[in-house]
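In what follows, a structure is listed as structure tokens, so that the remarks can point back to it.
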Amino acid sequence: MKALTDPPDGSNATSAQVDPSRVIASLSRDGVSLELKTIDLCFLAGLYLRADKAALASFEEEVLVDLFGQVCDIVEPTAENPRKRATHAIQRLREQRMLARVDGAGVIHAGEYALTRLAAAVVEYFLADEALTRESLTLLTGTLRAQLVAILDVAKKATDERAWREGVIGPLRVTVGDLVAGIERRQRGLDAQQEEVQSEIAQLLVADWFHAVNRCQELLDTTTVTLRELNEVLLRDTHHLVESLQHIQALANTAQYFEAEEVAQRVIEHIDRIADWGGARQHAWSEYYRRVHRYLRDVVRLDPDRALSQRLLDQLTAWPSRPFYMLVTQVPSIRLLRQLELKVERPLVARVRVDREANPQWVEPEDKIADLEALTRAAVEGGARTLSAVLGQVLAGLPVSEHYLAVGRIANVLVKITQVSSAKERLWEVLGELEVEEWDIGTNKDKF
């Protein structure tokens, strides 16, 4: 089965396929720049809000001029000739790709203009308050999971190129891409919100010092709880999302539709980036939380009136004219109350070197256990009727270093070949350096 190919217009090119060097070179070649004044931003915001309220797709030129005049009355009420300024503002915004003329009539009559995607994005950044919350993230990830389940069902049933393109590739690029982009957009909103929180904490400490401690604590705790909840949702849901996408990849690979496999891989990378964002933000915020808490505890609470910090600041400020130093003279040595002892040099523990490569020697074979058993049997046959008598005969022919080990083996042999017993009052016999419990030896168990 033949793999899907890209359309000739290149509309499905992803950002991963774009060469950054070529993009930067083309932007530099075209001299792209963006410079917006306050009145320009206010003008774009007015157009955006009017289009949203009245469901307008474009604006006539006269409407633009009138709206610019209203913005001037609010922002610069003393400005002269607002109509001429409106013409220059429209031309300036067109040059910066904020407004696009959509009527196609050229210079024959007044034009009709629409906000570009760049203008909408700039205005939405200042107007939209989209910060990621547990509710919005749960809703987005739930919708994303449902979409991926539906796409997976289509992929299981798809048999031709059209089914893969319309049921898998298209939804992955459009629907799933928009949902993932929505999560990332709200992530950026939450990043901006965290920056505002940090700035607010700094301003509170500068303005109110000690009385701002409770407010700072509240801001820290609120953001900490939000990040912890978001990270829990991401850890729970990203696993299911990636699992569904990997199933789609496996089906696409089996059917040799490599374009669908590449699109699914691209979505997996976006989801992994979202999960990494959650862990990185929680780690960064925990460090900031710890530093602020330490500052509140060690500085603010210990100096509620800022007396110490103010004195230190005054001394540092006046140091060029009134320098201060810390001088230390004639530092006494530490007095030792014990006698000094010379260090005893202990000899190193060493082992005599031996030649481990010596040639082997022929020796007579030996079996000590069998020899002990034979000697024990011979002692019993010779009339020994106690353990001490048997040990006295057998141990006499062995080295002293082997006596202790041999006693246990001799006793084991006696239990096997004879019947042994001991008196109620157990007697102990001394045999050289050993002391053993006395046994009486009866008739043999086996006949030898």
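The values are calculated or read from the model by the stated rules, or taken from the named source; none is laboratory data. On a predicted model such as this, the values are computed, not experimentally measured, just so you know. We place every Cβ from the backbone using ideal geometry, glycine too, and count neighbours over all the protein chains shown.
Residues that are polar (S, T, N, Q) and in the same structural domain as Glu438 (by TED's automatic domain parsing) within the stretch 356-397 comprise Thr376, Thr386, Ser388, Gln393, listed in sequence order.
Of the residues Glu243, Glu218, the single one that is in the same structural domain as Pro304 (by TED's automatic domain parsing), exposed (fewer than 15 other Cβ atoms within 10 Å of the Cβ), in a helix (DSSP H, G or I) and at pLDDT 85 or above is Glu243.
Within the stretch 362-374, does at least one residue satisfy the condition of being under 54 Å from the mean Cα position of the chain (by Cα) and assigned to a loop (DSSP other than H, G, I, E, B)? No: zero hits.
Would you check if there is a residue in the stretch 255-263 being over 30 Å from Leu190 (Cβ atoms), assigned to a loop (DSSP other than H, G, I, E, B) and among the charged types (D, E, K, R)? The answer is no; no qualifying residue exists.
Which one of Thr254, Thr224 is polar (S, T, N, Q) and over 19 Å from Ala158 (Cβ atoms)? Every option except Thr224 fails the conditions.
Has the stretch 169-183 got any residue that is at pLDDT 75 or above, crowded, with 16+ Cβ neighbours inside 10 Å and in contact with a Ser or Thr (Cβ under 8 Å, 6 or more places away or on another chain)? Scanning the stretch 169-183, I find at least one residue that is at pLDDT 75 or above, crowded, with 16+ Cβ neighbours inside 10 Å and in contact with a Ser or Thr (Cβ under 8 Å, 6 or more places away or on another chain), so the answer is yes.
Of the residues making up the stretch 398-437, those that are of a type in the set (Asp, Glu), at pLDDT 80 or above and out of contact with any Lys or Arg (no Cβ under 7 Å at 6 or more places or on another chain) number 4.
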